[in-house]
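Novice: Got a structure for you, written out below as structure tokens; questions coming shortly.
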Amino acid sequence: MKERAIPWVFLLILVSLIAFPFIVALLTGSSPLGVARGDRMIMRGESVRWQAVLIEIFLLGILAMSYNLIFGFTGVISFGHALFFGMGGYTIGLLLEFTDLDTTSALIFGLIGGLALAALLGLIIGLVSLRLQGVYFAIFTLAVAEMFFIFFGRLQLTRAEDGFAITDLPVWLDPTQSRLTFYYIVLAVFVLTFVFIRRLVNSPTGAVFKAIRENEDRASAIGYNPLTYKLIAITIGGVFAALAGILQVILNKKVGPELLSVTYTVDPLLMTIIGGIGTFTGPVIGASGLHLLDTALREQIVTIGSTTIRVADSWSLLLGLIFIAVVLIFPQGIVGTWMRWRARRVRLSSPPKGAENPVQADH
Amino acid sequence: MLRQRTSWITIIILIAALLIFAAATSRNLGTFGITVLSGLFQAMLLFLVASGLSIIFGLMDVLNFAQGGFFMIGAYVAYDVHHPGGLIDMTGAIPNADLRFFLSILAAIVIGALLGAFLERGLLRPLYARPIFQLVLTFGVSLVLVEAVRFIWSTTPYSWTALFSVREGYFTLFEQQFSTYRLFVIGIGFFLIVAIALLLQRTRIGIIIRAGVEDSGMVEALGINVRAVFTLVFTFGCAVAAFGGAIAAPFLGASIGMSSSFLLSAIAVVVLGGLGSYVGTAAGSILVGLAIAVMANYSAEFLNLPVLASMTPMLLLVLVLLLRPSGLFGERR
């Protein structure tokens, strides 16, 4: 692998994502800022609508990338990723709504506190449970996440199942007031996450992650302590998941136990597998593909014979079936399958020199 | 043998401690009786989910995360068959409520078995070379089952309204009314514990299964079609879980939450007993069932924290995994 620089394709995508709100605005004749009414902004028009879709994709992308770091690159299977996501969200929500701090410091402390809490949870969970092998670790994380879900679903302080709304956001951050600013904030976080995880996985530490995934005994035989590296992976993954949770709370201006529900474990798992496990672009492609499909199909009504089915009602069912089909038919995911196919073409057109592993590109 | 004996002693001590705690925190003999009875009731239902989970894991190294989903499906199918309306309306064809209940249990077993066979044959079999994907797949299937139920029967939980003879009966002890249905379920549960144990100990297929738990490669080398045994055991395990859901439904109703709550409790049972150990599963069910009932009583009466009761299985699971991940009867790994 001689090439470590960011390929030009990524730069092109980045530029088009930066220009995206304005391009949509130009094409549809709407304002990227929404419609002004008095001194407030109303979020109406194609441009702001599409900004919301992309913000969602970036959020899910961050979540999926963080999951991929743990599952795809280190080979540790966790069923409790929602814990980090939800606790990040709850931290910033609690600080904004239930303390006397002014908004700015609540936001700052919420951000720092949410990330720190996720790191702490990752460390504790990892320390006590990573010595458990595969299936036991999956069980452990599932149980801990479910415990938090039940606890916050009954906690009267945070209005139990209903959750509470965030009312105290500054205008510049409020996605219902200045969505364009929030779009760029989330885009920046998204790009930083992507670059960070790519750097980390391509670093010597990342090489050990992959070694552990491939063969834990061998990795420890050559002198690396797998526990330490798994701990690093799960802590960093947890911090990024919390970041996604914090942004999600600001986007929806609502905190509730659904943030801790198994949905936010399944979604990143699904997106990672569909996009391609252990690839950099896979989780992002999975996240955008699924979310775009979701937005496109949500309004549809399918009529088969005499029964009409609203797709929105059966979306989760559909998603689950897609998931099963992908696991069975192409477990490498979109990116993985494409890379294999390309590697085979390269092999066919030029005979291999030595026994190198061609399936390892910068995607 | 020595380890077995210490395990038994531990279990007896734990059960005794739970009973003493229950007695100490009950207001009178009546509430104590209710706690113990509902603990055993819970224990038997847990056993029906956990036994399949444990044997399947022991035999084919698959932890079936969809096992709780089969329990839930059993409850919904039994409810649907027994009550007017729904997908299948049998109230006109079979007016006798008892007979209809028997039929609804049968329907649940058949559907559980069919779905289980399909899951093993169609979905898990291609993945035996990739254990992580099997785990992910059964996790996915458990969600599909929940979503399918949500799609067919909507999200509103059902509570059982059409009564029948066993469900209606009561008996009085220590000036407290007890439902005969709980006793009925406990009786069935104990019967099944013994029946499955005999099946495993005394029949040829049971011997093959036990040998497979030890070393399935060796069994295959002896010329036995292990794959067929896998399918059989998986189907049986799922059918037993669905049966559990069906006999639980008259008391607990049918709801989507059953899937994850019974799955996690059953996993707690299996891990506590030692994955793959039948005796451990039976003993673990009784321990966990009693613990849930005792905690429910204690947290409602003294702590005013009902949330603790629903968190008990998870707490137990986390504790066991931390203190003794190999379980009471498992081998140390």
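Read-outs: derived from the displayed coordinates by stated rules, not from any lab. Small disclaimer: the values here were computed from a predicted structure and weren't measured. Cβ sites come from the backbone with ideal geometry, for glycine too, and all protein chains shown count toward neighbours.
Novice: Going by how many other Cβ atoms sit within 10 Å of their own, how do A:90, A:183, B:170, B:181 line up, fewest first?
Specialist: Numbers: A:90 27, A:183 24, B:170 9, B:181 20.
Starting with the residue having the fewest Cβ neighbours, the order is B:170, B:181, A:183, A:90.
Novice: Would you mind computing Rg(Cα) / (2.2 N^0.38 Å) for segment B:126-277, counting N as its residues? Could you put the intermediate results ahead of the total?
Specialist: Numbers: Rg = 19.3 Å, N = 152, 2.2 N^0.38 = 14.8 Å.
Cα-based Rg divided by the globular estimate yields 1.30.
Novice: Around residue A:254, which amide H atoms from residues at least 5 apart in sequence, or from another chain, sit under 5 Å from its own amide H, with H modelled in the peptide plane?
Specialist: Hits under the 5 Å cutoff: A:166.
Novice: Can you give the Kirkwood hydrodynamic radius of the protein assembly as shown from its Cα pairs, in Å with one decimal? Write down the numbers at each step before the final one.
Specialist: Working: mean 1/r = 0.0367 Å⁻¹.
Here the Kirkwood hydrodynamic radius works out to 27.3 Å.
Novice: Pick from B:55, B:224, B:15: which is most flexible by mean-square fluctuation in a GNM of chain B where alpha carbon atoms under 10 Å apart are linked?
Specialist: Judging by the Gaussian network model, the answer is B:224.
Novice: For segment A:8-298, just list the percent of Cα-Cα distances falling in each 10 Å bin from zero outward, please.
Specialist: 7, 27, 34, 22, 8, 2, 0
Novice: Between Rg and the Kirkwood Rh of segment A:292-345, both from Cα atoms, what is the Rg to Rh ratio?
Specialist: Values: Rg = 15.5 Å, Rh = 13.3 Å.
Rounded to two decimals, Rg over Rh is 1.17.
Novice: Between residue B:102 and residue A:116, what is the label-to-label distance in nm when each label sits 7 Å out along the Cα-to-Cβ direction?
Specialist: About 6.7 nm separates the two model spin labels.
Novice: In addition: Counting only GluC sites (Glu not before Pro) that are in a DSSP loop and have at most 15 other C-beta atoms within 10 Å, tell me the longest site-free stretch of chain B.
Specialist: Values: sites that count: B:175, B:331.
Looking at chain B, B:1-174 is the longest stretch - no exposed GluC sites (Glu not before Pro) with at most 15 other Cβ atoms within 10 Å.
Novice: Give the separation of the Cα centroids, segment B:39-53 to segment B:240-310, in Å.
Specialist: Centre-to-centre distance over Cα atoms comes out at 7 Å.
Novice: Taking K and R as +1 and D and E as -1, what net charge do the other residues with C-beta under 13 Å from the C-beta of residue B:126 add up to?
Specialist: Numbers: positive: B:121, B:125, B:130, B:227; negative: B:120.
Value of the local net charge: +3.
Novice: Starting from the Cα-Cα distance between residue A:181 and residue A:18, subtract it from 0.36 nm times their residue separation and give me the gain in nm to one decimal. It would help to have the intermediate numbers written out before the result.
Specialist: Numbers: separation 163, 0.36 × 163 = 58.68 nm, distance 1.14 nm.
Separation in residues times 0.36 nm, less the Cα-Cα distance, equals 57.5 nm.
Novice: From the phi angles alone, apply the Karplus equation (6.51, -1.76, 1.60; θ = phi - 60°) to segment A:81-87 and give each ³J(HN,Hα) in whole Hz, x where the residue is Gly or Pro.
Specialist: 5, 4, 4, 5, 4, x, 5
Novice: For chain B, return all DSSP H helices satisfying: extent of Cα atoms along own axis at least 18 Å; mean Kyte-Doolittle hydropathy at least -0.5.
Specialist: Values: long enough: B:2-25 (34 Å, 1.57); B:29-60 (45 Å, 1.92); B:67-82 (23 Å, 0.62); B:97-118 (31 Å, 2.02); B:131-153 (33 Å, 1.72); B:180-202 (32 Å, 1.83); B:226-252 (38 Å, 1.83); B:257-273 (24 Å, 1.93); B:278-298 (30 Å, 1.49); B:307-323 (23 Å, 2.68).
Within chain B the helices that satisfy the rule are B:2-25, B:29-60, B:67-82, B:97-118, B:131-153, B:180-202, B:226-252, B:257-273, B:278-298, B:307-323.
Novice: Counting Lys +1, Arg +1, Asp -1, Glu -1, what net charge surrounds residue B:221 among other residues with beta carbon under 14 Å of its beta carbon? Present the calculation step by step, with values, prior to reporting the outcome.
Specialist: Details: positive: B:227; negative: B:214, B:215, B:220.
Net local charge, residue B:221 excluded: -2.
Novice: Determine one quarter of the surface area of the Cα convex hull of segment A:166-206, which equals its mean projected area, and express it in nm² to one decimal.
Specialist: On the way: hull surface 14.7 nm².
Hull-based average projected area comes out at 3.7 nm².
Novice: Considering the options A:327, A:130, A:141, tell which one lies farthest towards the positive end of the dipole of chain A, charges being +1 on Lys and Arg and -1 on Asp and Glu at the Cβ, about the Cα centre.
Specialist: A:327
Novice: Sorted from fewest to most neighbouring beta carbons within 10 Å, what does the list A:179, A:298 look like?
Specialist: On the way: A:179 23, A:298 11.
Neighbour counts put them in this order, fewest first: A:298, A:179.
Novice: Which Cα, out of A:224, A:176, A:296, lies furthest along the positive dipole direction of segment A:8-298 (beta carbon charges, K/R +1, D/E -1)?
Specialist: Value: A:224.
Novice: Restricting things to alpha carbons, tell me how big segment B:5-83 is in terms of Rg and Dmax, in Å.
Specialist: Rg, Dmax (Cα atoms, Å): 17.2, 48.
Novice: Convex hull volume of the Cα atoms in chain B, per residue, in Å³? Before the final figure, lay out the partial values.
Specialist: Details: hull volume 48.6 nm³, N = 333.
Roughly 146 Å³ of hull volume per residue.
Novice: Under a plain spin-label model, where a point goes 7 Å from the Cα along Cα-to-Cβ, how far apart in nm are residue A:26 and residue A:40?
Specialist: 3.3
Novice: Additional query: First obtain the Kirkwood hydrodynamic radius of segment A:192-237 from its Cα pairs, then insert it into the Stokes-Einstein equation at 37 °C and 0.692 mPa s, and state the resulting D in µm² per second as a whole number. Mind showing how you got there, number by number?
Specialist: Details: Rh = 10.7 Å.
D, rounded to a whole number, is 305 µm²/s.
Novice: What does the charge dipole of segment A:8-298 about its Cα centre add up to, to the nearest 20 debye, if the Cβ of each Lys and Arg holds +1 and the Cβ of each Asp and Glu holds -1?
Specialist: Details: 17 positive and 17 negative charges, 96 e Å.
In total the dipole reaches around 460 debye.
Novice: Still on this model: Tally Lys and Arg at +1 and Asp and Glu at -1 over the other residues with C-beta under 11 Å from the C-beta of residue A:153: what net charge comes out? Numbers along the way, then the final one.
Specialist: Details: positive: A:154, A:159; negative: A:146, A:161, A:162, A:258.
Residues near residue A:153 contribute -2 overall.
Novice: Would you kindly state the longest site-free stretch of chain A, with sites defined as GluC sites (Glu not before Pro) in a DSSP loop (not H, G, I, E, B) surrounded by at most 15 other Cβ atoms within 10 Å? Please list the in-between numbers first.
Specialist: Values: sites that count: A:3, A:161, A:299, A:356.
Of all site-free stretches, the longest is A:4-160.
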